[in-house]
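The values are calculated or read from the model by the stated rules, or taken from the named source; none is laboratory data. In this text, all values refer to a predicted model and were calculated from it rather than measured experimentally. Cβ coordinates were reconstructed from backbone atoms using ideal geometry, including for glycine residues, and neighbour counts include every protein chain displayed.
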Amino acid sequence: MNGLAHQGQKEKEKMKKFNVSLVLFVVAVFAFIFSPVNAFADTVSMTYENPGGQTTGSDYVYPYNFSIDGSKTLSPLMCLSFTQDISKGESWQATITQVVGNTQYEEAAYIFSLASATGASSTTIADAQWANWELFDSGAASSIPGSVSQASVNTILTDASNYVNNNPHSSLYSEYVIYTPVAGSQPSGDDVPQNMMGFSPTPEPGSLILLGTGMLGLATFVYRRRRIA
């Protein structure tokens, strides 16, 4: 009896360890599924649908509205390339790059957060847009219109640099991504499209549910096989 009891105890311990492993496995699966790193594809197609409407001089500022991978829900993006031009209806391929780990992009993310904040004034949006243009192209300063304060733009650039220096691991950076054009994917004869910044794409709920259900089904199958064994 003692031998049987000892064997039964060992089986219970094995089952307990397996249950813990199963839980950890399921948690890891869902962490992977919902991780921001896996929330978007490496390459997407994007179409410039229309500008948001606000201009400074002859230049539109944030937002530039895009359809990503044919989505009917438009994504508001901020332009980072002052010297390139794009036209309404123009489409191209772009790779999505994370902001995290790139100081210049992190500064751009801080600036973009000012323009995209709920209730941001038209002045803040314009100043932030020109700050990002000057961040990536110092020559943009020579084209700044009289309606935009260069002093305010300089303040934003300084604040962005200070923020990144003082907050190297801020969660702010993971909220944004860069859309970098794939060379040659633009219409023939057009200039290279602009780099754009936007919010990190979120996974489609239907796809996540399907994948999550499948992984849970697999875990259940493994669990039952283990019990039978």
Query raised in the report: Taking into account only those residues within segment 87-124 that are in contact with a Leu (Cβ under 8 Å, 6 or more places away or on another chain) and among the β-branched types (V, I, T), which is farthest from D69 (Cα to Cα)?
Result: T124
Report task. State whether the residues of segment 60-69 include one that is modelled with pLDDT under 95, outside any strand (DSSP E or B), within 26 Å of T47 (Cβ to Cβ) and among the charged types (D, E, K, R). Result -> no
**Report entry** Given (1) under 22 Å from S143 (Cβ atoms); (2) at pLDDT 90 or above; (3) in contact with a Pro (Cβ under 7 Å, 6 or more places away or on another chain); (4) of a type outside the set (D, E), index of the condition P51 fails
**Finding:** (3)
